[in-house]
Amino acid sequence: MGLFSTDCEYCGGSGADETCNGCGLAVHYDCAREKGHLQVKQESGGLLSSGTTYYRWNCPNCGRVKEGQA
Ligand SMILES: [Zn+2]
Ligand SMILES: [Zn+2]
């Protein structure tokens with residue numbers, strides 16, 4: 001595994017969606033969610049908006065938590 005590899009840690013595929021700030025580990029959102037390391041929280045929006053989706057990912061390598069909006 002290279003330092004700046006963009007291969008997903010879970011499935012080994014390329015084109016990872018997310019990279020850890022701590023150790024550089026790269027993952028797909030879908031793979032992380034399957035493993036239970038990624039939690040997604042959908043906030044209900046207003047009448048016209050679809051709301052915001054927040055995600056929280058626990059890096060399986062260094063344990064760092066990354067949060068953001070999807
Ligand atoms: Zn993957
Ligand atoms: Zn990490």
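Throughout, read-outs are computed from the coordinates displayed, never taken from laboratory work. This one's a predicted model, so the numbers in the text were calculated from it and none came from an experiment. Positions of Cβ are backbone-derived with ideal geometry, glycine not excepted, and every protein chain shown enters the neighbour counts.
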Please count how many residues of the stretch 32-63 are surrounded by fewer than 10 Cβ atoms within 10 Å (Cβ to Cβ) and either closer than 16 Å to Gly22 by Cα or in contact with a helix residue (DSSP H, G or I) (Cβ under 8 Å, 6 or more places away or on another chain) (or both).
0
Scanning the stretch 17-70 for residues that are in a loop (DSSP other than H, G, I, E, B), touching a residue at least 24 places away in the same chain (Cβ under 8 Å), under 12 Å from the mean Cα position of the chain (by Cα) and within 16 Å of ligand 2 (Cβ to nearest atom) gives Cys20, Asn21, Leu25, Cys59, Pro60, Arg64
State which residue is surrounded by the fewest Cβ atoms within 10 Å (Cβ to Cβ) when the search covers only the stretch 15-25 and only residues that are near ligand 1 (Cβ under 9 Å from one of its atoms) and on the phi < 0 side of the Ramachandran plot.
Asp17
